[in-house]
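Below is one structure, written out as structure tokens; the observations come after it.
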Amino acid sequence: QVQLAESGGGLVQVGGSLRLSCVASGSIFSISSMGWYRQAPGKQRDRVATITSGGSTNYADSVKGRFTISRDNAKNTVYLQMNSLKPEDTAVYYCKALILTTAALTWNDYWGQGTQVTVSS
């Protein structure tokens, strides 16, 4: 009974910006790492950026210097600020969170449903 809901995707021109949000809700006891992944048509799902509960971040080389991941632990929310967008950033963006629920004894990964980001040239 955990849900992750992304928002903020859309159509943007090259060089533009978007901010994605992902809220985790449900029977959550604790959240460890959170992250953003993306999948372009015909390609595998790739990691974009991750952030630990303490705020340590890690980025794919392709987005370093352009994207910023952040989180609000009080709101169970992770953000992805995307600047200087390129056509190759076009993909469905998914958030993932490592969550300990109030019922389970183990940590499990949960995924959102995805939000489309399209960068037009």
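For segment 1-46, the share of accessible area belonging to carbon and sulfur comes to 47 percent (1.4 Å probe, ligands and nucleic acids excluded). Bridge orientation summary for the chain: considering DSSP beta bridges with both residues in this region, about 90 percent are antiparallel.
The label point for LEU11 and the one for SER84, both projected 7 Å from the Cα toward the Cβ, are 2.6 nm apart. The simple Förster model, with R0 at 25 Å and r as the Cβ-Cβ distance, assigns ASP72 and TRP111 a FRET efficiency of 0.80. In the context of the full set of protein chains, the chain has a per residue accessible area of 52 Å² (1.4 Å probe). Note on surface exposure: ASP72, ASP46, ASP89 rank ASP46, ASP72, ASP89 by accessible area, highest first, 1.4 Å probe.
Listed by chain and number, the lysines whose C-alpha is less than 16 Å from the C-alpha of LYS86, apart from same-chain residues fewer than 8 away, are LYS64.
Counting 0.36 nm for each residue step from ALA40 to SER121 and taking away their Cα separation leaves a gain of 27.5 nm.
The values are calculated or read from the model by the stated rules, or taken from the named source; none is laboratory data. Everything quoted here is computed from the prediction, not taken from an experiment. Note that each Cβ is placed from the backbone with ideal geometry, even for glycine, and that neighbours are counted across all protein chains shown. Only protein heavy atoms, including side chains, enter the accessible area calculation; ligands, DNA and RNA are left aside. Shrake-Rupley method; radii C 1.70, N 1.55, O 1.52, S 1.80 Å.
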